[in-house]
Amino acid sequence: MKAYQIGSQNGIDGLVPTTRATPVAGPGEALVAPRLVGLISRDVQLLRGTYGPRQSETRIPMSEGVGEVVAVGAGVTEVAVGDRVVCGHFATWHDGTFRSDVFAHDIGITHHGWLAERVLLPAAALIRVPDALADADVAGLASAGLTAWNALVEVCKVKAGDTVLCLGTGSVSLAALKIAKAYGAKVVITSSQDAKLETARSLGADMTVNYRTSPDWAADVIAQTDGKGADIVIETGGVDTLGHSIAAAATNGRVIVIGVSPGEGPAIPDYLSLILKNVTIRGIANGSRAMFVDLLDAMVAHRMTTVVDRTFAFDQAPEAVRYFAAADHLGKVMIAL
């Protein structure tokens with residue numbers, strides 16, 4: 001089969017095509033033919049060697065996608081040949097609260113990912129995709145969509161009347177925008193580009209802030225929310241934006257920290273604000289299979305779709321990664337097989 005591997009992890013040009021023997025499904029496993037693969041920020045970080053420990057140079061990357069089951073191993077009852085399936089990238093986190101050991105089986109990092117003509121996955125982790133959802137709506141959910149769901153629905157119990165602040169127009173923020181609006185919340189979106197903010201408004205954002213033209217963007221959020229601030233902040237900016245997120249939060253606000261973006265300044269420059277507002281800061285990592293099932297059901301019920309910026313062919317995968325790494329996109333960048 002054709003595949004890609006991550007190479008030396010010294011830069012995005014390390015992604016190179018290769019050929020492998022087609023894997024065979026063993027007990028409890030399913031062999032899946034990917035149809036559409038989504039890119040996320042840690043794919044780029046992995047290639048650059050900045051995401052955790054270095055992995056095997058022969059690792060097949062990409063943590064999210066949708067595909068068709070083409071074979072199953074002994075004892076598999078969860079899925080059957082012909083099923084269209086997705087899978088959270090923490091393959092052993094089926095239900096319940098987060099456990100640190102879920103990082104031991106992380107698809108696209110510790111185990112081979114979706115960027116190949118065939119991928120071997122634990123059958124118990126797979127989820128049948130509802131017929132009402134297109135490939136493009138589900139291929140990019142396993143990381144960004146599931147994380148946004150966990151943050152808003154599982155952790156923060158988002159409800160009508162809440163104000164949700166999403167930093168930037170990346171895939172987590174856009175997924176959070178869709179989910180928050182489905183639950184009746186108001187949404188504030190930030191970006192450095194007015195064109196992206198206009199698109200965010202067309203997708204349902206109630207308020208927008210250009211953080212390049214408004215460096216004190218937290219004050220802008222406070223002003224646009226009539227002095228209240230955001231009940232929930234989807235903090236994807238990293239160390240250098242956390243202080244601003246606290247400043248933009250409402251009294252009793254919740255700041256959900258997502259991602260591992262490095263920074264240069266102190267993470268919380270104003271501890272007094274943190275205390276006076278009684279702000280909760282909570283870090284999360286993706287979500288469980290059970291949460292993923294709930295997300296898919298909600299997408300069907302609320303007719304939610306996924307914003308796709310551009311789709312590349314499989315033999316254009318390195319070009320897709322370069323395009324994604326340039327960060328000029330709005331919505332998911334996909335690779336079709």
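Here are the numbers for the structure shown:
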read-out	value
Tally, over the range 47-70, of residues that are of a type in the set (A, V, I, L, M), in contact with a Gly (Cβ under 8 Å, 6 or more places away or on another chain) and under 24 Å from Ile127 (Cβ atoms)	3
All strands (runs of 3 or more DSSP E) inside the range 225-337 with 3 or more residues being within 30 Å of Gly96 (Cβ to Cβ)	230-235, 249-257, 280-283
Within the range 1-21, considering residues that are under 13 Å from Pro318 (Cβ atoms) and not in a strand (DSSP E or B), the one most open to solvent (accessible area, probe 1.4 Å)	Asp13
Considering residues of the range 115-169 that are touching a Lys or Arg at 6+ places or on another chain (Cβ under 6 Å) and not in a helix (DSSP H, G or I) only, the residue farthest from Ala249 (Cα to Cα)	Glu117
Filter result for the condition that a residue is aliphatic (A, V, I, L, M) and buried (at least 23 other Cβ atoms within 10 Å of the Cβ), over Ile222, Ile258, Ile284	Ile258
In the range 60-92, the residues that are surrounded by 20 or more Cβ atoms within 10 Å (Cβ to Cβ), over 10 Å from Ala30 (Cβ atoms), β-branched (Val, Ile, Thr) and free of Cβ contacts under 8 Å to residues at least 60 places away in the same chain	Ile60
Single unsatisfied condition, Val188 versus (1) more than 19 Å from Ala151 (Cα to Cα); (2) in contact with a strand residue (DSSP E or B) (Cβ under 7 Å, 6 or more places away or on another chain)	(1)
Tally, over the range 149-178, of residues that are of a type in the set (Gly, Ala, Ser) and open to solvent by 10 Å² or more (accessible area, probe 1.4 Å)	6
Residue within the range 25-41 that is out of contact with any strand residue (DSSP E or B) (no Cβ under 8 Å at 6 or more places or on another chain), outside any loop (DSSP other than H, G, I, E, B) and open to solvent by less than 30 Å² (accessible area, probe 1.4 Å) present	no
Residue count for the range 103-150, restricted to those that are among the aromatic types (Phe, Trp, Tyr) and under 29 Å from His302 (Cβ atoms)	2
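The values are calculated or read from the model by the stated rules, or taken from the named source; none is laboratory data. Please read these numbers as outputs of a predicted model, since none were measured by experiment. Here Cβ is always computed from backbone atoms with ideal geometry, including for glycine, and neighbour counts include all displayed protein chains. What goes into the accessible areas is simple: the full protein's heavy atoms, side chains included, and nothing from ligands, DNA or RNA. Shrake-Rupley method; radii C 1.70, N 1.55, O 1.52, S 1.80 Å.
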